[in-house]
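Structure first, commentary second.
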Amino acid sequence: MSAGLCYPDLPFAPLTEDSVVTGPSEVEQPDDAAVPVDDPRIADVLTRWWGFDRLRPLQAEAIKAALGGRDSLVVMPTGGGKSLCYQLPPLIADSTDVVVSPLVALMKDQVDALEALGYPAAAIHGGMSDEERRQVRDRLAAGDLRLLFAAPERLVNTGLLDLLARVGVRRFAIDEAHCISQWGHDFRPEYRQLALVRERFPAASVHAFTATATPRVRADIARQLALRDPEILVGTFDRPNLVYRVVPRTDRVAQVIQVLGRHRGEASIVYCISRKETERLAARLAEEGLLARPYHAGLDARERHATQEAFARETIDVVVATVAFGMGIDRSDVRLVLHTALPKSLEAYQQETGRAGRDGLAAECVLLYSSADVFSWESLVRKSAAESDLDAAEQESLIAAQLEHLHAMRRYAQAARCRHAALSEYFGQAYAPATCGACDVCLGETGSLPDATVTAQKIISCVARVGERFGVRHVCEVLRGAKTEGIQRHGHDRLSTFGLLAGHDQRAAENLVHQLLDQDLLGRTGGDRPVITLNERSWEVLRGRREVVLLEPRTSKTKTTKADTDDWQGVDRDLFEQLRRWRRRVAEARGKPAWTIVDDKSLRAIARDKPDSLDALLRCHGIGAKRLADFGPAILDLVAGKEPETLSSGEPD
Ligand code: ADP
Ligand code: ZN
């Protein structure tokens with residue numbers, strides 16, 4: 001790990017107040033269930049276009065604010081369903097609305113998904129030819145578009161606003177609105193120019209959307225966009241369909257392979273910290289026969305794009321990536337997000353795990369934890385501050401803020417308490433259920449080591465015997481009774497602690513030492529060759545005045561969660577796989593992401609209900625008029641056990 005940490009893809013963000021825990025939110029909503037729709041206009045459009053029959057929490061409020069022309073600030077976690085809040089109103093109002101989005105990839109994904117519904121939407125960006133842009137402008141001028149996506153700099157600098165004024169645009173949605181704030185984790189100065197929109201369109205309403213919940217960022221968004229008496233809607237940050245697990249890291253590669261084994265053929269993201277590691281690990285996984293590819297900011301743009309496309313079209317299952325992978329990945333059926341090292345903050349962890357299970361079906365988030373990562377991050381924090389242009393005082397406060405984030409992350413990983421509760425509380429929201437049924441702690445998977453105190457005493461006395469002058473590896477080799485050259489040279493094979501942990505392999509032994517370091521039951525010096533030392537607490541353990549609890553350093557067994565069983569209830573898995581194969585072919589033929597064709601949730605509904613008529617198919621989740629016309633016959637053939645005559649109708653295959 002240590003060597004790899006030299007090239008993390010994202011440098012530390014500037015000092016933020018993200019660690020400030022928010023107070024109770026303005027509008028608190030339970031997130032357990034979507035609710036039926038009370039407004040028939042909304043209900044009608046929702047079923048006709050999307051094939052959905054319910055709205056998620058706060059979607060109704062957000063849609064009504066938009067329809068009523070009242071400014072709004074909508075804060076929802078990733079996957080909460082923000083896009084529907086600006087996609088639906090222009091269909092009802094028969095208007096052309098504008099969506100500001102920071103990245104071309106994000107715009108394209110959304111336009112693809114909307115086109116699959118037959119929804120008239122387009123993006124305008126620098127990657128298009130003049131001719132393509134002219135076509136979009138023509139459609140816009142003719143009033144044919146319900147949504148236009150643009151980046152802020154294009155919106156304000158290219159005369160586009162004049163055209164929008166002629167068309168009579170009355171609603172602007174600002175996606176990823178935290179980009180406007182320097183207190184957010186992703187400040188983009190271009191967003192500041194959006195103030196101009198308010199000046200040029202005083203009668204239009206502005207609707208800001210973000211997943212960043214801190215009060216400071218929220219207030220900054222409202223001020224920068226000059227929102228007028230905005231309706232503020234803050235969603236629940238808990239994601240009940242995600243199962244969180246923290247597993248002591250003993251053997252990274254073996255553990256990654258083991259976890260991926262639970263998700264064969266499913267979309268998975270494996271996060272590493274260094275670029276080199278993503279390449280090494282992806283190559284190892286490919287040797288295991290997994291469809292895996294690396295992704296990091298050091299690859300050239302073409303290669304990165306090819307990997308994103310392959311993932312979107314389901315020709316690969318696993319992306320082994322640095323944190324550079326994520327923005328612009330909208331695949332909603334990611335079933336696993338696996339962190340092979342500790343992220344630098346809970347904000348980052350929430351965002352990265354947020355990419356799992358966006359379709360609402362059960363998904364797993366596994367964190368392989370070793371306190372070695374904490375030490376690596378700490379030295380990186382100090383090093384990058386020292387290399388910055390900041391003066392000494394600023395460096396100190398930067399370091400302090402970043403260490404605070406890091407230690408919150410470490411506390412989460414170490415704590416033996418409900419992960420859902422810990423995450424919710426960190427983001428300022430109380431978590432009501434006594435047990436979540438969807439984390440390693442509540443499922444009772446975290447096994448503790450029998451005789452932990454005795455084991456700790458063995459380790460601590462070995463540290464004392466080698467004179468507090470050696471690192472983790474050497475101490476563990478002595479404990480295991482290894483005959484290394486170093487041990488013989490120092491005569492450590494003659495120590496009374498030699499071979500006391502003979503039954504453990506090296507990785508397991510090192511994991512135990514890291515657990516003691518984590519609990520501050522051993523100390524460690526800084527520098528390049530850190531040495532393990534004793535502290536006051538170590539002596540208390542040695543003298544039998546302190547009990548020690550250690551986790552079993554093996555990967556614990558996992559249990560099936562209720563959510564997972566429920567999502568598969570009654571689903572014919574063979575049929576589901578056939579439908580997925582068909583979908584992959586359609587996606588290939590159309591050059592579109594597979595999930596935009598029909599998502600997993602719908603495929604499971606079809607493989608459960610086995611509709612035998614177009615009417616019955618229309619009643620399945622996610623099937624609206626357009627999908628029915630496009631794919632109805634092919635799907636019915638598949639359900640009937642026949643090879644479909646055509647992949648789809650409509651567009652040529
Ligand atoms: P966000 O932008 O907040 O991260 P999205 O808008 O991408 O989330 O929505 C996440 C997923 O939830 C998408 O697959 C979307 O189709 C689905 N979704 C949104 N609203 C609903 C709803 N009312 N019923 C069913 N699925 C929904
Ligand atoms: Zn729990």
Next item on the list: Quick one: which residue in V253, V206, V246 is in contact (Cβ under 8 Å) with a residue 24 or more places away in the chain, part of a strand (DSSP E or B) and assigned by TED's automatic domain parsing to the domain that holds A363?
Entry: V246
Check: Across segment 426-456, which residue is surrounded by the fewest Cβ atoms within 10 Å (Cβ to Cβ) among those that are out of contact with any helix residue (DSSP H, G or I) (no Cβ under 6 Å at 6 or more places or on another chain), in contact (Cβ under 8 Å) with a residue 60 or more places away in the chain and not in a loop (DSSP other than H, G, I, E, B)?
Finding: S448
Next item on the list: Please state which of the following conditions L406 fails to meet, knowing it meets all the rest: (1) hydrophobic (A, V, I, L, M, F, W, C); (2) in a helix (DSSP H, G or I); (3) surrounded by fewer than 20 Cβ atoms within 10 Å (Cβ to Cβ).
Entry: (3)
Check: Restricting the first residue to segment 481-492 and requiring it to be closer than 18 Å to H504 by Cα, which pairs with a second residue that is exposed (fewer than 14 other Cβ atoms within 10 Å of the Cβ) meet a Cβ separation below 7 Å and a spacing of at least six or different chains?
Finding: G481/A502
Next item on the list: Just one of (1) in the same structural domain as G354 (by TED's automatic domain parsing); (2) more than 16 Å from ligand 2 (Cβ to nearest atom) trips up A413, so point out which.
Entry: (2)
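I'd like to check which helices (runs of 4 or more DSSP H) are fully inside segment 37-116 and have at least 3 residues that are surrounded by 24 or more Cβ atoms within 10 Å (Cβ to Cβ) and at pLDDT 90 or above. Before you say what the answer is, go through the steps one by one.
Working: elements: 40-45, 59-67, 82-87, 89-93, 104-116.
So the answer is 59-67, 82-87.
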Margin query: If a residue must be at pLDDT 95 or above and assigned to a strand (DSSP E or B), how many such residues does segment 335-369 contain?
Written below: 11
Check: Looking at segment 541-565, which of its residues are touching a residue at least 12 places away in the same chain (Cβ under 8 Å) and part of a helix (DSSP H, G or I)?
Finding: V541, L542, K562, A563, D564
Note to self: Out of everything in segment 598-649 that is within 13 Å of ligand 1 (Cβ to nearest atom) and of a type in the set (V, I, T), what residue ends up being surrounded by the most Cβ atoms within 10 Å (Cβ to Cβ)?
What the structure shows: V598
Item checked: Residue selected from segment 156-185 under the condition surrounded by 22 or more Cβ atoms within 10 Å (Cβ to Cβ) and part of a helix (DSSP H, G or I), by the criterion modelled with the highest pLDDT -> L164
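If the requirement is being in contact with a strand residue (DSSP E or B) (Cβ under 9 Å, 6 or more places away or on another chain) and away from ligand 1 (no atom under 16 Å from the Cβ), which of these qualifies: H407, H420? I'd like the intermediate steps shown before the answer.
Details: H407 fails: in contact with a strand residue (DSSP E or B) (Cβ under 9 Å, 6 or more places away or on another chain).
From the options H407, H420, the qualifying one is H420.
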Margin query: Looking at segment 239-254 only, could you name the residues that are under 20 Å from the mean Cα position of the chain (by Cα) and either surrounded by fewer than 21 Cβ atoms within 10 Å (Cβ to Cβ) or polar (S, T, N, Q) (or both)?
Written below: P240, N241
Check: For segment 257-274, what are the residues that are part of a strand (DSSP E or B) and within 17 Å of A312 (Cα to Cα)?
Finding: A267, S268, I269, V270
Check: Which ones in segment 275-319 are surrounded by fewer than 21 Cβ atoms within 10 Å (Cβ to Cβ) and part of a strand (DSSP E or B)?
Finding: none
Margin query: Can you tell me how many residues within segment 501-540 are out of contact with any Ser or Thr (no Cβ under 8 Å at 6 or more places or on another chain), closer than 14 Å to V475 by Cβ and assigned to a loop (DSSP other than H, G, I, E, B)?
Written below: 4
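Would you check if V136 is under 25 Å from the mean Cα position of the chain (by Cα) and not polar (S, T, N, Q)?
Numbers: under 25 Å from the mean Cα position of the chain (by Cα): no; not polar (S, T, N, Q): yes.
So V136 fails the test.
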Item checked: Residue that is nearest to T315 (Cα to Cα) [pool: residues in segment 588-646 that are modelled with pLDDT under 90 and among the polar types (S, T, N, Q)] -> T596
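Considering only residues that are within 23 Å of E352 (Cβ to Cβ) and not polar (S, T, N, Q), which ones fall in segment 59-79? It would help to see each step written out before you state the result.
From segment 59-79, those within 23 Å of E352 (Cβ to Cβ) are 74-79; that's our starting set.
Answer for segment 59-79, where residues must be within 23 Å of E352 (Cβ to Cβ) and not polar (S, T, N, Q): V74, V75, M76, P77, G79.
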Item checked: Residues that are closer than 25 Å to R355 by Cα and either without any contact (Cβ under 8 Å) to a residue 12 or more places away in the chain or of a type in the set (F, W, Y) (or both), drawn from segment 116-149 -> Y119, F149
Notebook entry, point to check: What number of residues within segment 612-649 satisfy the criterion of being of a type in the set (A, V, I, L, M) and closer than 16 Å to W50 by Cβ?
Noted result: 6
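Considering segment 138-175 alone, what residues qualify as being among the basic types (K, R) and within 21 Å of Q87 (Cβ to Cβ)? Let's see the steps before the verdict.
Filtering segment 138-175 down to residues among the basic types (K, R) leaves 139, 146, 154, 166, 170-171.
If the condition is that a residue be among the basic types (K, R) and within 21 Å of Q87 (Cβ to Cβ), then R139, R146, R154, R170, R171 are the ones that fit.
Could you tell me which of the residues V478, V463, V454 is touching a strand residue (DSSP E or B) at 6+ places or on another chain (Cβ under 6 Å) and either away from ligand 2 (no atom under 16 Å from the Cβ) or hydroxyl-bearing (S, T, Y) (or both)?
Working: V478 fails: touching a strand residue (DSSP E or B) at 6+ places or on another chain (Cβ under 6 Å); V454 fails: touching a strand residue (DSSP E or B) at 6+ places or on another chain (Cβ under 6 Å).
Just one listed residue meets the conditions, V463.
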Checklist line | Hits in segment 323-336 - residues which are surrounded by 24 or more Cβ atoms within 10 Å (Cβ to Cβ) and touching a residue at least 60 places away in the same chain (Cβ under 8 Å) | finding: V334
Notebook entry, point to check: Applying the selection to segment 282-316, what residues are touching a Lys or Arg at 6+ places or on another chain (Cβ under 7 Å) and over 19 Å from V334 (Cα atoms)?
Noted result: G298
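Only one residue in R469, R419 is within 16 Å of ligand 2 (Cβ to nearest atom) and basic (K, R), so which one is that? Spell out how you get there, then give the answer.
Numbers: R469 fails: within 16 Å of ligand 2 (Cβ to nearest atom).
Exactly one residue qualifies, and that residue is R419.
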Margin query: Residues that are in contact (Cβ under 8 Å) with a residue 12 or more places away in the chain and not in a helix (DSSP H, G or I): does segment 370-384 have at least one?
Written below: yes
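The values are calculated or read from the model by the stated rules, or taken from the named source; none is laboratory data. Please read these numbers as outputs of a predicted model, since none were measured by experiment. Neighbour counts are summed over all protein chains in view; Cβ atoms, including those assigned to glycine, are modelled from backbone coordinates with ideal geometry.
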